[in-house]
Amino acid sequence: MRDAYRDRREAGRVLAAGLAAYAGRTDVLVLALPRGGVPVAYEVARALGAPLDVFLVRKLGVPGHAELALGAIASGGVRLLNDDVVQALGVSPGVVDAIAAEEWAELERREREYRGDRPTPEVRYRTAILVDDGLATGASMRAAVAAVRKGAPARIVVAVPVGAPSTCRELLRQVDEVVCPRTPERFHAVGLWYHDFSQTTDEEVRALLGRAAQERQAAGPAGGVRLSSSR
């Protein structure tokens with residue numbers, strides 16, 4: 001695609017420019033949807049001078065067509081289903097439960113892998129910026145929004161570098177703000193809008209979370225905005 005991002009890090013820098021109004025604010029928390037959302041969110045958090053953490057979400061894929069979402073689960077016990085997809089494909093409740101059980105196990109593994117003993121981030125009274133590398137059906141992001149809302153944040157912002165226009169419009173009815181620099185009418189799939197859409201590994205997620213924490217510590221208690229570039 002002509003307007004494709006080079007990679008997730010570049011996409012994050014572009015996205016951060018659209019979130020400049022949140023820079024330097026002490027109430028802002030950037031929450032990445034692993035794994036692909038973490039490199040994007042790292043650049044956003046770095047530019048805004050905000051803390052970075054992960055918020056675990058797992059898509060419930062259709063058997064044999066994993067990219068098609070039956071729904072999603074998220075930290076905090078949230079499970080959302082795309083009823084239209086479930087009914088259209090005739091997927092039984094038992095099959096849905098089996099898929100969800102498998103995904104819960106993976107979500108819990110990733111919680112331990114990425115967070116260790118650290119508690120789930122506190123969002124109460126804060127502005128939570130939920131970041132992923134793109135929005136297709138929006139199933140994972142809707143589950144994340146529902147889970148984060150349970151924590152009583154002051155404001156929920158969904159931020160992605162690229163998304164299907166209809167999905168962005170739908171999410172805007174559920175959150176306070178959606179920031180998406182590119183909403184191509186011929187969207188098709190998130191990966192088409194990246195030259196490098198290689199899978200983000202667990203090791204990369206841990207490394208970026210660790211680097212973000214170190215940079216926050218080096219910036220001091222105020223968490224000042226760093227103006228240096230990683231390009």
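Quick note: the coordinates plus some simple rules give every number you see, no bench work behind them. Bear in mind that the values here come from a model prediction, so they are computed numbers and not experimental data. For neighbour counting, all protein chains shown are included, and Cβ atoms are generated from backbone atoms with ideal geometry for every residue, glycine included.
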In Hz, Karplus ³J(HN,Hα) per residue of the stretch 149-160 (6.51, -1.76, 1.60; θ = phi - 60°; x = Gly, Pro)
4, 4, x, 6, x, 6, 7, 10, 10, 9, 10, 9
Report the extension gain between Asp27 and Glu67 in nm, rounded to one decimal, defined as 0.36 nm multiplied by the number of residues separating them, less their alpha carbon distance.
10.9 nm
Take the Cα atoms of the stretch 53-96, build their convex hull, and give its volume per residue in Å³.
72 Å³
With r defined as the distance between the Cβ atoms of Ala218 and Asp117 and R0 fixed at 25 Å, what FRET efficiency is calculated, to the nearest 0.05?
0.65
With x for Gly and Pro, the residue-by-residue ³J(HN,Hα) of the stretch 132-142, computed from phi through the Karplus equation 6.51 cos²θ - 1.76 cosθ + 1.60 at θ = phi - 60° and given in whole Hz, is 9, 7, x, 10, 9, 7, x, 4, 5, 5, 4
I'd like the FRET efficiency for Leu192 and Leu89, computed as 1/(1 + (r/R0)^6) with the beta carbon distance as r and R0 of 22 Å, rounded to 0.05.
0.35
One would report the Cα pair-distance distribution of the chain, bin width 5 Å, in %, as 1, 7, 15, 19, 21, 17, 12, 5, 2, 1, 0
Cα convex hull of the stretch 16-69: mean projected area in nm², to one decimal?
4.4 nm²
Where is the GNM fluctuation largest for the chain (alpha-carbon springs, 10 angstrom cutoff): Val91, Val160, Val14?
Val91
By the C-alpha gyration tensor axes a ≥ b ≥ c (rounded if a/c is under 1.5, else prolate when a/b exceeds b/c, else oblate), the shape of the stretch 1-119 is prolate
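With runs of 4+ DSSP H residues as the only contributors, calculate the mean residue ellipticity of the chain at 222 nm using -39,500 (n - 2.57) per run, divided by the residue total and rounded to the nearest 500.
Rounded to the nearest 500, the figure is -12000 deg cm²/dmol.
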